[in-house]
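Taking it in order: structure first as structure tokens, then the write-up.
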Amino acid sequence: MWAEFWEWLSKLPPGSASFVGTLAGSSFGLIAILIGAFVNASLNRGRDDRLRDVERIALASTLYAELKGIHRTLTENAQHMSDKPPDHGGGFMVPEPSIKLLPEMMSKLGLLRADTIRTVMDAYVLTEQYLEQLILAGGLLQANMPENRQLVYMDAHHAPFVIEFNETRAGVVKEAMNALAPYLK
């Protein structure tokens, strides 16, 4: 087959042979460029996937750490009130849970799965509404506090409510932590 091709090529006029050579060289060049473009695209895609994975892990780690702090605060406060209930004639102060990292990470939230985002946002929404719910239950917001720090004063007879309230919210926060756990490596 190759012998017949070379024989046919040698019988062509000089201009035709030059054309076939140019066509063959151009075809090989085009194929090489296409292969290079596909390999480059594949390498770029792999790099982008690795960078996204790193960002996803960093996001999940950050949110997990913040939620862990909120969970610890809620459970420790509930445990403290259970161990040492306030005097019947007195009361106690309840601090606002601190949420500082979520606002910084909102733009990257799309790196997580939709069900994880829903669970995490449920925990944050309940945490944001924490003081409002205590005020609705009879607490008094303390005046003259720094802008980023708020306290609610609760009468002693509200202690069982606040204990249950904290434990319930701690459970929701724990669910969000469990949803983030698979992302941590």
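Relative contact order for the chain: 33 percent, from Cα pairs under 8 Å spaced at least 6 residues apart, divided by residue count.
Using a cut-off of 14 Å between beta-carbons, work out the net charge of the residues near G69 (Lys and Arg +1, Asp and Glu -1, G69 not included). Net of charged neighbours comes to +2. Dividing the summed helix terms, -39500 (n - 2.57) for each DSSP H run of n ≥ 4, by the number of residues in the chain produces a 222 nm estimate of -24000 deg cm²/dmol to the nearest 500. With every protein chain kept in place and ligands, DNA and RNA left out, what is the accessible area per residue of region 103-185? Probe 1.4 Å, answer in Å². Ligands and nucleic acids excluded, the result is 59 Å² per residue. Restricting attention to the chain, lysine pairs at least eight places apart or on different chains and with alpha-carbon atoms under 27 angstrom apart total 12. Computed from Cα atoms, the angle from the helix 159-180 axis to the main principal axis of the chain rounds to 10 degrees.
For the chain, with all protein chains in place and a probe radius of 1.4 Å, 60% of the accessible heavy-atom surface sits on carbon or sulfur.
The Cα center of region 116-185 and the Cα center of region 1-71 differ in position by 52 Å. Here the ratio of the Cα radius of gyration of region 96-185 to 2.2 N^0.38 Å is 1.26. Summed over the residues of region 1-91 and divided among them, the accessible surface reaches 74 Å² per residue at a probe radius of 1.4 Å.
The values are calculated or read from the model by the stated rules, or taken from the named source; none is laboratory data. Keep in mind that what you see is a predicted model, and the values were worked out from it rather than measured. As a convention, Cβ positions derive from the backbone with ideal geometry for all residues, glycine included, and neighbour counts pool all protein chains shown. Accessible surface is based on the protein model in full, side chains and every heavy atom, while ligands, DNA and RNA are left aside. Shrake-Rupley method; radii C 1.70, N 1.55, O 1.52, S 1.80 Å.
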